[in-house]
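The values are calculated or read from the model by the stated rules, or taken from the named source; none is laboratory data. Being a predicted model, the structure only gives us computed values, none of them experimental. For neighbour counting, all protein chains shown are included, and Cβ atoms are generated from backbone atoms with ideal geometry for every residue, glycine included. Heavy atoms of the whole protein, side chains included, go into the accessibility calculation; ligands, DNA and RNA do not. Shrake-Rupley method; radii C 1.70, N 1.55, O 1.52, S 1.80 Å.
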Amino acid sequence: MSDLREPAPYDALLLLSFGGPEGPDDVVPFLANVTRGRGIPEERLKEVGKHYFLFGGVSPINGQNRALLDALRKDFADHGLDLPVYWGNRNWAPYLTDTLREMVRDGRRRIAVLATSAYASYSGCRQYRENLAESLAALEAEGLPVPRVDKLRHYFNHPGFVEPMVDGVLASLADLPEDVRAGAHLAFTTHSIPTSAADSSGPAEAHGDGGAYVAEHLDVARVIVEAVRERTGVEYPWQLVYQSRSGAPHIPWLEPDVCDHLELLHSDGVPAVVMAPIGFVSDHMEVLYDLDTEATEKAAELGLPVRRSATVGADPRFAAAVRDLVLERAAIEQGREPQRCALGALGPSHDLCPAGCCPARALKPAAAGADSPYA
């Protein structure tokens, strides 16, 4: 798609993310936003927030989004793509509604949306679509123009997302002591979610036994393992594992947990492990605490050498992938049939979330889908 430069009908790109606190005083209000409606008392929020307090009350996610914004703007400018890029969060400033208000006041009426979640799931896709619908309703209530928003497809298997992760795994393997490198295992990690949410992730035809959420992660892991084999001559044993579980203990969540997995590998005599956080776009708190702190400390207790590979972050290849996704969707909206880049067995994801895709816990309007009230 390198010959494409025309982003019409889009007049802006919105980077839509989760948000995070930027100081100790932000932690509890931020967590109150995240858990709004669940009736969680402040003392419990302080307990939950201990991970943030270990790092001065600052989540790295906002800084990482600023770096990604810079990378996107540079890539767009370098390739002659005249498309402004804005940023809005679900749970912290800059808030999504405020950003959309700014965008419509700047005259933006057709907006492509990139969420910082690469895979299908309720929390990684539909909930962002619900947030968009809530914000559009707020603009409508204020008498402002309501823009059309189109969420770009899931990019878990786009080469610009996968190839930086391949390089990260290779670098981590090379950093292991030579005497344990050949026997290392790969632990591909992602955020655990309730098994019920996993089973209903993706379009209805993908539901059941982990749904699209698990299938997409497994497909990416296989692509990375094969790429590593091609470059090293070694097919490393691997498994998809989970981290960052929260919620009531009686509700089943995806397993095994990464720390439990490290204990099992150690008991089996595995000499080293590379943890590859393929489920995360950047090194935000789940990576910083659950892997770099908790899992790494567990490995040290076991005497198990571990390395943690890099996330994609603001890698120029990812910025180029975003440009590709914008121009791909623009071409489709123009009635053309562009090349759609995807690695692995699953092929490119759908452009428009169908009804029943990643169903909500409670019925709420969701924008940027077949069931959107804002077509």
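Observations, loosely collected:
- On Cα atoms only, tilt of 211-232 relative to the major axis of the chain in degrees: 60
- When only alpha carbons are used to place a centre, region 82-129 and region 198-212 end up 25 Å from one another.
- Principal-axis tilt of helix 96-105 within the chain, Cα atoms, nearest 10 degrees: 40
- FRET efficiency estimate (nearest 0.05) - Cβ-Cβ, Glu230 to Glu301, R0 56 angstrom: 0.95
- The HN-Hα couplings worked out from phi for region 318-329 by the Karplus form 6.51 cos²θ - 1.76 cosθ + 1.60 (θ = phi - 60°) are 6, 4, 5, 5, 5, 4, 4, 5, 4, 5, 4, 5 Hz, whole numbers, x standing for Gly and Pro.
- Take every Cα pair under 8 Å whose residues are at least 6 apart in sequence, average their separation, divide by the length of the chain, and the relative contact order is 24 percent.
- Within the listed set Leu265, Leu240, Leu132, the residue fluctuating most in the Gaussian network model of the chain (springs between alpha-carbon atoms under 10 angstrom) is Leu265.
- Applying the criteria of a DSSP loop state and at most 11 other Cβ atoms within 10 Å to the trypsin sites (Lys or Arg not before Pro) of region 32-61 yields Arg36, Arg38.
- Accessible area (Å², 1.4 Å probe, nearest 10) - His250: 150
- Accessible area per residue for the chain, computed on protein heavy atoms with a 1.4 Å probe, is 42 Å².
- Across Pro252, Pro359, Pro203, mean-square fluctuation computed from a Gaussian network of the chain (C-alpha pairs under 10 Å connected) peaks at Pro252.
- Spin-label model, Ser246/Asp268: points 7 Å from Cα along the beta carbon direction are separated by 3.1 nm.
- Accessible area, probe 1.4 Å, largest first, for residues Val28, Val166: Val28, Val166
- Gaussian network model of the chain, springs between alpha carbon atoms under 10 Å - residue of Glu43, Glu226, Glu102 with greatest fluctuation: Glu43
- Residue-count net charge about Pro84 - beta-carbon cut-off 12 Å; Lys, Arg +1, Asp, Glu -1: -2
- Per DSSP, loop trypsin sites (Lys or Arg not before Pro) in region 107-161 with at most 16 further Cβ within 10 Å: Arg109
- Shape category assigned to region 1-57 from the gyration tensor of Cα positions, a/c cut at 1.5: prolate
- Accessible-area order (highest first, 1.4 angstrom probe) of the listed residues Cys357, Cys341: Cys341, Cys357
- Computed label-point distance, nm, for sites Arg66 and Val48 using a 7 Å Cα→Cβ extension: 2.6
- Helical contribution to [θ] at 222 nm, DSSP H n ≥ 4, -39,500 (n - 2.57), averaged over the chain, rounded to 500: -12000 deg cm²/dmol
- Between 0 and 90°, nearest 10: helix 61-78 axis offset from the chain longest Cα axis: 60
- Alpha carbon centroid spacing (whole Å) that separates region 1-51 from region 332-375: 22
- The simple spin-label model puts a point 7 Å past each Cα toward its Cβ; for Ala138 and Ala204 those points are separated by 3.3 nm.
- Amide H within-cut-off set for Tyr95, under 5 Å, with H built and near neighbours excluded: Asn89
- Shape class of region 63-116 from the Cα gyration tensor (axes a ≥ b ≥ c, square roots of the eigenvalues): oblate, since a/c reaches 1.5 or more and a/b does not exceed b/c.
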